[in-house]
Amino acid sequence: MSNVLKIILQRLLLGLLTLFVVSVVIFAAVNMLPGDFAEVILGQGATPDAVAAIRRDLGLDQPLVLRYFHWLGGAVQGDLGTSFAQANFASFVGEGAAKGATVMQQIAPRFENTMFLAGVTALIAVPFAVGLGILAALYRNTAFDKGANVFALSSISSPEFFLAYVLILFLAVLNPILPSLSNIYDGMGLGERIEKTLLPALTLTLVVTAHMMRMTRAAIINLLASPYIEMARLKGMKPMHVIVRHALPNALAPIINVIALNLAYLITGVVVVEVVFVYPGIGQLFVDAVKNRDIPVVQACCLIFAAAYILLNLLADILSILSNPRLRHPK
Amino acid sequence: MTSISRRSLLRTGAAAGVLAATGLPIRAQEAKRGGRLVVGLSGANTSDNWDGRTHSDIFMTSSGQGAVFDSLTEVAADGSLVGELATDWEASEDAKTWTFNLRKGVTFHNGKKFGADDVIESLQLHVAEGSKSSAAPLVSPITEMKKLGEHQVQFVLAEGNADFPYLMSDYHLLIYPAGQIEEAIAQGIGTGLYRNVSFDPGVRWVGQRVESHYKDGQAGWFDEIEFIAINDNTARMNALLTGQVDAINRIDFKTESLLKANPAIRIQEVPGNQHYTFPMLTNIAPFDDVNVRRALKHGINREELVQKILFGHGKVAADSPIGAANQYMADLDPIPYDPDKAKFYLKEAGLDSLSVDLSASSAAFEGAVDAAQLYQASAAPAGIDINVVQEPADGYWSNVWIKKPWCASYWSGRATEDWMFSSAYQEGVAWNDSQWGTDDSERFQNLLVEARATLDPSKRREMYGEMQQILRDDGGVIIPMFANWVQAVSNKVATPDTIGNLWQMDNARHAERWWMA
């Protein structure tokens, strides 16, 4: 087990380094976009005086490097700062009205919503994809196998917004079964919340299924040629039992890896789906923030996305170690 | 009911409009209380808040002035001016001193009584030290605000302005409770028909009808209002088609037929003041030559732009920003598309051909780049070579507009002629996007100042008419078209016969003026 702990520590340190690099890249990239917060927020009404006043209030007139280190100084102490929108608002009306509006407080409810969507999707997609993969392995090279593959590959090959519109067309417009608008809010009952979340969850399910299903299928088929599977078959076990009891446990490592990667995608890749379904998650907040050049919010969102990838990858590695007795008990 | 003294009625420039307003366009016997209005609106942002100084798009104007807050005056659906928190007003002979009588018995949502202090303190917000309010130009000409009584205020202006009561209807100029303004902005406390129940910026707003209000029987029919932020065009259309919202603003013309095919939905279209423009900097060659400007005006096919860019949802304009929602719109013939005439004016300018850059971006208006390309094609036979420069939408207003010599732009228009002209055509003002000044037309600038202080409506009509003609013939802004306000409403919701045309969504007052069918 000490081996596992060492790996976790190592990977966490590397993860921190990655986050640092990500923050530098994002900071530079957002600053390279034309226009800044002051110009965007004032729009057509941007007089040089007003632009200068906002830049002064937000510290946008400071050199880039200085601004970055100022932000980093706060970030390492767990303070991701105040969004430009809030800081600008506070400069209008005084701190009193705008207090309690840090980036963290702004992001927290949105992140919860995104996690809820990811959770609902995972509950649907993981059993669906793994089950489909097992069945495809069982009935490999039959019409079922080919049909499942065509379905999964064509849905992963279509852009997300297209899948979303197809689902809206069939499940909301032509047959009004599900709402096309996923405007969930605080205080909504769980049942209604799930109903509103179903269409985006189904869209995401279509996107992530192919990867997981095909990995499950490949990993299992790979094992079916092993001598111990042949042994199981020879002793007269049913094919389904062979696969679920003997092949699957040994195929878990690559499957878990792929599931973890796809779960990370559910958190970071939801931007388009959230916009199409008007789902108030972190993706929509991110789009708004980029549009406004609200750098503190963009930074925080990117760090969350990056952290999700790093942690889920780490989790995948740990789980694949734990699922493999040879790695669990090194000699 | 608005009570206006006979004297002030005769004096103010708005006399004609006020008379019309007393007829009350809403047929109150039809409208009934009850129900919940759910509207999908674009123009929402996570930076939205209850500070009127920052309001600029339909989501916040609908929930700010359109529901939670009131202003001193209100532009009624028919374009006339009626009192909101003011009951009536009176000007001195020179239109420099304005006395407003305030409504009695009004309370804020937190129980505070409304009075003169609230008006004065709320207006001062816009001119406070370091204020970034877009409405500062409206308030800064007030040199003195006097509290004459608990329910009477007097404003002294630096120079006479006959439209002053109209300016007070601006959606930035919300009235907050004095002494509690920070709190009111944080929590959304106003005197409007709907109190703020929950507000999630960029996502959703819910309001609840106050129990009793001075507009009872005239407006505020719904029990509850929900605005959902749907910035995506397709998502907004889908939400209406699937019945999840009762109305949406700004429909996408390309998929308009889908809405038309649905019998449960009606499209509401009103011609207003919103106009798309191509301003030239008249202080820069070659646009400093009036003949070049005339040549360019003859080189544009306005009809074609209305058909292809607005899909017919608009009207040809005559290079004047005064539109259907204004009082004194002159009946001018637009300059016709005529390549020969354009050639003629080029010759007058001493040129055989002309090569100019036209900067455009979708930030100016939807289809601006296409419009520029159509312009390029129509101007070519006249020997005018327009080079269309596609600019990035980001930073367009800061880096291109009024910076590049010729570009695409838009204006949503203003309630009064003077307001429009003094925002964009007065010499030296910040948004004068053609750098139009006395060098171009001394007559125009003189008329602008003179008309502002004139209270006699017939004289004003004459002066504003002449100014519009000057702009058509000599002006530096090509205004090919007015774009209609187009929105879609479910048949579950009833709307008055007359829909406001100053802004989209019934002047952003759909929560007040509409009711459940």
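Rule-based calculations on the coordinates, nothing more; no lab input. A quick note: this is a predicted structure, and the numbers were derived from the prediction, not measured. Backbone-built Cβ (ideal geometry, glycine too); neighbour counts: all protein chains shown.
Which length gain, in nm to one decimal place, applies between B:Asp385 and B:Lys215 when the Cα-Cα distance is subtracted from 0.36 nm times their residue separation?
On the way: separation 170, 0.36 × 170 = 61.20 nm, distance 5.70 nm.
Answer, rounded to one decimal: 55.5 nm.
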Check your understanding: So what's the net charge close to B:Ser362: Lys and Arg +1, Asp and Glu -1, counting the other residues with Cβ under 12 Å from its Cβ?
Key -> -4
Practice item. Step through the residues of the range A:255-269 one at a time and calculate ³J(HN,Hα) from phi using the Karplus curve (6.51 cos²θ - 1.76 cosθ + 1.60, θ = phi - 60°), rounding each to whole Hz and writing x for Gly and Pro. Key: 5, 4, 4, 5, 4, 4, 4, 6, 5, 4, 4, 5, 8, 9, x
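Computed FRET efficiency, Cβ-Cβ of A:Asn313 and B:Thr255, R0 41 Å: what is it to the nearest 0.05? Mind showing how you got there, number by number?
Numbers: r = 42 Å, r/R0 = 1.02.
Calculated transfer efficiency: 0.45.
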Check your understanding: With springs only between Cα atoms under 10 Å, which of A:Ser157, A:Ser182, A:Ser23 fluctuates most in a Gaussian network model of chain A?
Key -> A:Ser157
Point to revise | Set of aspartates and glutamates near A:Lys196 by C-alpha distance (under 19 Å), chain-local residues within fewer than 8 positions excluded | key: A:Glu112, A:Glu160, A:Asp186, A:Glu274, B:Asp200, B:Glu226, B:Asp232, B:Asp246
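Based on the Cβ-Cβ distance from B:Asp370 to A:Phe69, what FRET efficiency comes out when R0 is 56 Å, to the nearest 0.05? Don't skip to the answer; put the middle values down first.
Numbers: r = 45 Å, r/R0 = 0.81.
Given R0 = 56 Å and the Cβ-Cβ separation, E is 0.80.
Arrange the following residues from fewest to most other Cβ atoms within 10 Å of their Cβ: A:His329, B:His313, A:His241, B:His298. The partial results should precede the final answer.
Working: A:His329 9, B:His313 20, A:His241 12, B:His298 23.
The most exposed by this proxy come first: A:His329, A:His241, B:His313, B:His298.
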Exercise for review: Determine the principal axes of the Cα atoms in chain B, then give the extent along each, sorted from largest to smallest and rounded to whole angstroms.
Suggested key: 72, 56, 42
Point to revise | Residue-count net charge about B:Asn196 - beta-carbon cut-off 13 Å; Lys, Arg +1, Asp, Glu -1 | key: -2
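To the nearest whole number, what is the average tally of beta carbon atoms from other chains within 10 Å of the beta carbons of peptide B:127-135?
That average works out to 4.
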Check your understanding: Most exposed first by the Cβ proxy, i.e. fewest other Cβ within 10 Å, how do B:Thr495, A:Thr102 rank?
Key -> A:Thr102, B:Thr495
Study note, to complete from the structure: Diffing the range A:302-315: the Karplus 3J(HN,Hα) column from phi (6.51, -1.76, 1.60, θ = phi - 60°), in whole Hz with x for Gly and Pro, holds 4, 5, 5, 4, 5, 4, 4, 4, 4, 5, 5, 5, 4, 4
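For A:Arg55 and B:Asp117, what does the FRET efficiency come to when R0 = 41 Å and r is the distance between their Cβ atoms, rounded to the nearest 0.05? Provide the component values of the computation, followed by the final result.
Numbers: r = 34 Å, r/R0 = 0.84.
With R0 = 41 Å, the Cβ-Cβ based efficiency is 0.75.
Using the 10 angstrom Cβ neighbour count as an exposure proxy, how do A:Asp186, B:Asp48 rank, fewest first? Spell out each step's value before the answer.
On the way: A:Asp186 11, B:Asp48 25.
Placing the least packed residue first, the sequence is A:Asp186, B:Asp48.
Over the whole of A:161-167, what's the average partner chain Cβ count within 10 Å per residue? Rounded to a whole number, please.
1
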Review point. Just counting partner chain Cβ atoms within 10 Å, what average do the residues of peptide B:190-202 show around their Cβ?
Key: 2
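Could you work out the relative contact order of the range B:289-348, using alpha carbon pairs under 8 angstrom and six or more residues apart, expressed as a whole percent? List each step's numbers first, then the result.
On the way: 53 pairs, mean separation 31.7, N = 60.
Relative contact order for the range B:289-348 comes out at 53 percent.
Given 0.36 nm per residue, what is the gain on full extension from B:Ser92 to B:Leu148 after removing their alpha carbon distance, in nm? Write out the running numbers ahead of the final one.
Numbers: separation 56, 0.36 × 56 = 20.16 nm, distance 1.54 nm.
Answer, rounded to one decimal: 18.6 nm.
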Check your understanding: Per 10 Å bin, what percent of the C-alpha pairs of the protein assembly as shown does each bin hold, from zero upward?
Key -> 2, 11, 19, 22, 19, 12, 7, 4, 2, 1, 0, 0
Revision key, fill the gap. Counting only backbone N atoms under 19 Å from a point 7 Å out along Cα-to-Cβ of A:Met32, the residues of the range A:49-68 in range are A:64-68
Point to revise | Cα-derived Rg over Rh, computed across the range A:109-291 with Rh taken as Kirkwood radius | key: 1.06
Exercise for review: Beta carbons within 10 angstrom, averaged per residue: use that to sort the peptides A:196-202, A:318-324, highest first.
Suggested key: A:196-202, A:318-324
**Study point:** Charge tally in the Cβ shell below 11 Å around B:Ala372, where Lys, Arg are +1 and Asp, Glu are -1, B:Ala372 excluded
**Key:** -3
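Given all pairs of different Cα atoms, what value in angstroms does the Kirkwood hydrodynamic radius of chain A take? The partial results should precede the final answer.
Values: mean 1/r = 0.0438 Å⁻¹.
Radius from the Kirkwood sum: 22.8 Å.
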